[in-house]
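A.B. asks: What follows is a structure written as structure tokens; I'll ask about it next.
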Amino acid sequence: MAKQAMGVMTMGTGNRTIAGLALAGAVSCLALPVQAAEGGAGFYLLGSKGPAAAIMPPPGVFFQNDLYLYSGELGGGTQLPTGGKIAVGVDGKAAIEIPTFIWVLPEDVMGGRLGLSASLPVGWKETSADLTLNRPLGGVISGSTTDAVFTVGDPIVSGFVGWEAGNFHYQIGTLVNVPIGDYQDGEISNIAFHHWGADVFAAATWLDPNIGLDLSGVIGMTFNAENPATDYRTGNEFHFEWAAVQHFNEQFDAGLVGYYYKQVTGDSGEGAARPFKGEVAAIGATIGWNLKIGELPVSTRIKYFHEFAADNRAEGDSVILTISMPLAITQPASSR
């Protein structure tokens, strides 16, 4: 289960412009619960980046909506810290909408373009556990339980800078989780995280407009503050995402995507019974389709991921459906 993403682009051939190709790939990402760390999640959405991950949109204002669907399980006797409790035998499902507004400034910043974004996840999550322990170091044991919630998560704000040199595109950025969402204290299902967090990332894309091949990669690290409701601090989380996509024409592309996640430091705080370091990998496929509604260009992308090799983390399947469009395009300051 998880929060936000990008990865859509249009594609011309020959010398056609690629300026508007990567609205979805330019923005940073959120996340929602998927096991390991407290509640089984970091706030960075695994799989949110993809094709055109480092390509900046042109100056202007853009809107993007991501629909994130996840279903997974943490089998056997593996424990999951969540809501101030320890849950065993966990199954989880989520359906999250993540509307995002993106502003790309027309001025040059460090020789590149600066983008800002803000997102607010809203959706449903259901968590079931075969057994729960009310306190991490001892306490009341409860039988099987199911907790479902439909609510608003924590807002995510982001800043990122991108450059290009021929077919190569580069981007660095950060995103911040603002803990003001609807957190359900003591419940095992939550969309909000109830703690500050920051993710820093670097992305690179090689895109040849003559052959239509896009190779993209993103590396990042998530840093988490302590959840004051549970005295639990999730460790630092490394993530790597990749995409290899072929554009067949200006409208259609398809290819492979994947990610790898590893928690590099253990969980801490009085609410942590043990480190709970998590690890998981995923591979999947993506299809992109670009169209026009009247004169409005709209980019759509669907990504599917299957997780494997999980350790202290849920293993499941996810789908991310992205729709993005410009609201206003401005001319760069240098061309005015």
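A.B. asks: Within the stretch 99-110, is even one residue closer than 18 Å to GLY47 by Cα and either assigned to a strand (DSSP E or B) or at pLDDT below 90 (or both)?
C.D. replies: At the first step, the residues of the stretch 99-110 found to be closer than 18 Å to GLY47 by Cα are 99-100.
When the remaining residues are screened for being either assigned to a strand (DSSP E or B) or at pLDDT below 90 (or both), the result is 99-100.
Checking the stretch 99-110: at least one residue is closer than 18 Å to GLY47 by Cα and either assigned to a strand (DSSP E or B) or at pLDDT below 90 (or both).
A.B. asks: Now, a different point. Scanning the stretch 139-193 for residues that are assigned to a strand (DSSP E or B) and among the hydroxyl-bearing types (Ser, Thr, Tyr), which turns out surrounded by the most Cβ atoms within 10 Å (Cβ to Cβ)?
C.D. replies: Residues of the stretch 139-193 that are assigned to a strand (DSSP E or B), as a first pass: 141-142, 145-152, 156-165, 168-177.
Keeping just the survivors that are among the hydroxyl-bearing types (Ser, Thr, Tyr) gives 142, 145-146, 151, 158, 170, 174.
Values: SER142: 13, THR145: 15, THR146: 11, THR151: 17, SER158: 23, TYR170: 17, THR174: 14.
Out of the qualifying residues, it is SER158.
A.B. asks: List every residue pair whose Cβ atoms sit under 6 Å apart, with the two residues 6 or more apart in sequence or on different chains, where the first one lies in the stretch 206-233 and is more than 23 Å from HIS169 (Cα to Cα) and touching a residue at least 24 places away in the same chain (Cβ under 8 Å) and the second, anywhere, is hydrophobic (A, V, I, L, M, F, W, C) and in a strand (DSSP E or B).
C.D. replies: If the second residue must be hydrophobic (A, V, I, L, M, F, W, C) and in a strand (DSSP E or B), the pairs left are PHE223/ALA198.
A.B. asks: Would you check if ASN236 is of a type outside the set (Asp, Glu), over 26 Å from MET56 (Cβ atoms) and in contact with a strand residue (DSSP E or B) (Cβ under 6 Å, 6 or more places away or on another chain)? Spell out how you get there, then give the answer.
C.D. replies: Details: of a type outside the set (Asp, Glu): yes; over 26 Å from MET56 (Cβ atoms): yes; in contact with a strand residue (DSSP E or B) (Cβ under 6 Å, 6 or more places away or on another chain): yes.
Against the criterion (of a type outside the set (Asp, Glu), over 26 Å from MET56 (Cβ atoms) and in contact with a strand residue (DSSP E or B) (Cβ under 6 Å, 6 or more places away or on another chain)), ASN236 qualifies.
The values are calculated or read from the model by the stated rules, or taken from the named source; none is laboratory data. All figures in this text were calculated on a predicted structure; none of them were measured in a lab. For neighbour counting, all protein chains shown are included, and Cβ atoms are generated from backbone atoms with ideal geometry for every residue, glycine included.
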